[in-house]
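Comments concern the structure below.
Values in this text are rule-based calculations from the coordinates and carry no lab data. None of these values were measured; they are calculated from a predicted model. Positions of Cβ are backbone-derived with ideal geometry, glycine not excepted, and every protein chain shown enters the neighbour counts.
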Amino acid sequence: MLICFGSEYFISYKNLTREKFIQASSVAENSWAEALMHRIYDCLLGNAVNVIEEYERFYAVEYSTFEEFLVKRYGITDKELDAIKKNLPKDYILVYGCMDSQGDYNTSQLMEFSDEIVESVNEILTKGEKL
């Protein structure tokens, strides 16, 4: 599940590879749409940080709970925390990213300002996890 907060976002997923993401997008091979989906995947997951692993490796001593870590380290609101907790099953990965840091301005702008694209990516994430 993709949860956006402006240019920052969290994604929870399980076993989602680039290949599964592209396959779930149902785009034609070697098409412009396939290239766009590669760019969207790279924009979202290319430099994203696994925050569960980050917490466990570096911050578990400093913060008593994972939720406290998310609020204090990433500055999220209670509403955003509720959205993350609601969409984070126990065996899923949670990653954090910032579209502004991806180096692909056009793709990040597309993601940041288009609710339809975010909905489509969520559908692809859901479908890709089932492959």
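Remarks
- The gain in end-to-end length when the residue 15 to residue 63 segment is fully stretched comes to 14.5 nm, 0.36 nm per residue minus the alpha carbon separation.
- Within the straight-line cut-off of under 26 Å between alpha carbons, the lysines reachable from residue 20 are 85, 86, 90, 127, 130, sequence neighbours fewer than 8 places apart in one chain being disregarded.
- Computed from point charges on the beta carbon alone (+1 for Lys and Arg, -1 for Asp and Glu), the dipole magnitude for the range 2-129 about its Cα centre is near 260 Debye.
- The fewest-to-most ranking of 74, 13 by surrounding Cβ atoms within 10 Å reads 74, 13.
- Counting neighbouring Cβ atoms within 10 Å and putting the fewest first, the residues 43, 4 line up as 4, 43.
- Protection-proxy order for peptides 86-94, 46-54, each taking the mean of Cβ atoms within 10 Å per residue, highest first: 46-54, 86-94
- Taking a Cβ cut-off of under 12 Å around residue 1, the surrounding Lys, Arg, Asp and Glu residues balance to a net charge of 0, with basic ones at +1 and acidic ones at -1.
- Phi angles of the range 32-42 translate, via the Karplus equation with coefficients 6.51, -1.76, 1.60 and θ = phi - 60°, into HN-Hα couplings of 4, 4, 5, 4, 5, 5, 4, 5, 5, 4, 4 Hz per residue; Gly and Pro are given as x.
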